[in-house]
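Data block below; observations after.
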Amino acid sequence: MSPWERRQSESEVALWSSLNHPNIVRFLGHVTLHKWLLLFSEPLDGGELMDHILQGEAFLETEVATIMRQLLAAVEHMHELRICHRDIKPQNVL
């Protein structure tokens, strides 16, 4: 890794490990192997929101409200810590 890549990686690890919220995937640790940075999170099932959208499944209004409430609560938590996600999209919602 270049010095810039190393700093970016260290920043990512520090930011993610500082998050503690029920609607944010829990960070478990990391390993650096040569040019690779492996990040470990809690195991999840259910897939990406985008996969469910592409399957053409209809969402009930109550389901959408729950998803949005959880997403906005997670964003609020990040903003309280002065962290901006910058890439919120259905592919990044699990």
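Residues that are farther than 30 Å from Pro3 by Cα and among the acidic types (Asp, Glu): does the range 36-44 have at least one?
No, because not a single residue in the range 36-44 is farther than 30 Å from Pro3 by Cα and among the acidic types (Asp, Glu).
Which ones in the range 41-94 are open to solvent by 60 Å² or more (accessible area, probe 1.4 Å) and in contact (Cβ under 8 Å) with a residue 24 or more places away in the chain?
Leu44, Glu48, Ile53, Gln70, Leu81, Lys89, Gln91, Asn92, Leu94
Within 17 Å of Glu12 (Cβ to Cβ) and among the β-branched types (Val, Ile, Thr): which single residue out of Val75, Val64, Val31 fits that description?
From the options Val75, Val64, Val31, the qualifying one is Val31.
The values are calculated or read from the model by the stated rules, or taken from the named source; none is laboratory data. Note that the structure is a prediction, hence the values are computed from the model and not measured. Ideal geometry is used to build each Cβ from the backbone, glycine not excepted, and the neighbour counts take in all protein chains shown. Heads up: the accessible areas ignore ligands, DNA and RNA and are worked out on the full protein's heavy atoms, side chains in. Shrake-Rupley method; radii C 1.70, N 1.55, O 1.52, S 1.80 Å.
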